[in-house]
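Below is one structure, written out as C-alpha cells; comments come after it.
Read the figures in this text as sums done on the coordinates, not as results from a lab. Keep in mind that this is a model prediction, so the values were computed, not measured. Neighbour counts run over all protein chains shown; Cβ positions are idealised from the backbone, glycine included.
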Amino acid sequence: MTPLVGIVMGSDSDLNIMQAAADILQQFNIPIELTVVSAHRTPLRMVDYATKAQQRGLKVIIAGAGGAAHLPGMIASITTLPVIGVPIKSSNSIDGWDSVLSILQMPNGVPVATVALNAAKNAGILAAQIIGIANKETSAAIHAYKTLLQEEVLEKVEGLKGKFFNGYDR
C-alpha cells in the first residue's frame, strides 16, 4: 500500500519520540513511511525526499527534530504538502525551547503546523485528521477514537462520584 504520511526525523535517536506518531497512524490504518533525514548532515537527501514526496503519494509529512530543529521548516520550504513539526527535547537542547521556537517561528509563506514538545502522537492524530478530510474510513476511525477518549473521561467522573463534592454533573 502506498504510504500517505511520511515520518522523518533528524536522527535515529529521535525514534523513541517519533514512534508514537507511527503507532497512532497504524492504529488508524494509515500507511506510513519512516526514515532519518538530517537537514544538516544529509541536506541533499532532505531536498530529494521533500521534492519527491508528493509524487510518491504522500499527503502529509511529520518531521521531528531537536536542537536547532531546521528539518520541518526546510522540508516545508521545498514541498507544498502540509508539514507537521514535532519539537524534540534532545541531549543538546535548551530544555526543548530551542526546538519549539525553531519550528514555531516560521516566516510567512512557509507554514509548519507545530505540536507540543515531544508530542509525536498529536502530530499523528493531526495527520490523520488531514487525511480524514477526503477519506471516510479514516474520518470514522478518528471519530471513534475521540469518542473513546470522551468515554474514558466520563468513566473517571463516575469513579469520583461520592468521593468528592459533586457540584457539576453533566
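Checking each residue in the stretch 46-75 for being in contact with a strand residue (DSSP E or B) (Cβ under 8 Å, 6 or more places away or on another chain), free of Cβ contacts under 8 Å to residues at least 60 places away in the same chain, under 17 Å from Ile17 (Cα atoms) and outside any helix (DSSP H, G or I) picks out Ile61, Ala63, Gly64, Ala65, Gly66, Ala69.
Of the residues Val153, Val100, Val86, the single one that is over 17 Å from Pro3 (Cβ atoms), within 15 Å of the chain's Cα centre (by Cα) and part of a helix (DSSP H, G or I) is Val100. Residues considered: Ile88, Ile84, Ile133, Ile78. Of these, the only one that is in contact with a Ser or Thr (Cβ under 8 Å, 6 or more places away or on another chain), over 17 Å from Ala20 (Cβ atoms) and either surrounded by 20 or more Cβ atoms within 10 Å (Cβ to Cβ) or free of Cβ contacts under 8 Å to residues at least 24 places away in the same chain (or both) is Ile133. Filtered by the rule that a residue be aliphatic (A, V, I, L, M), part of a loop (DSSP other than H, G, I, E, B) and free of Cβ contacts under 8 Å to residues at least 40 places away in the same chain, the stretch 103-118 gives Met106, Val110, Val115, Ala116, Leu117.
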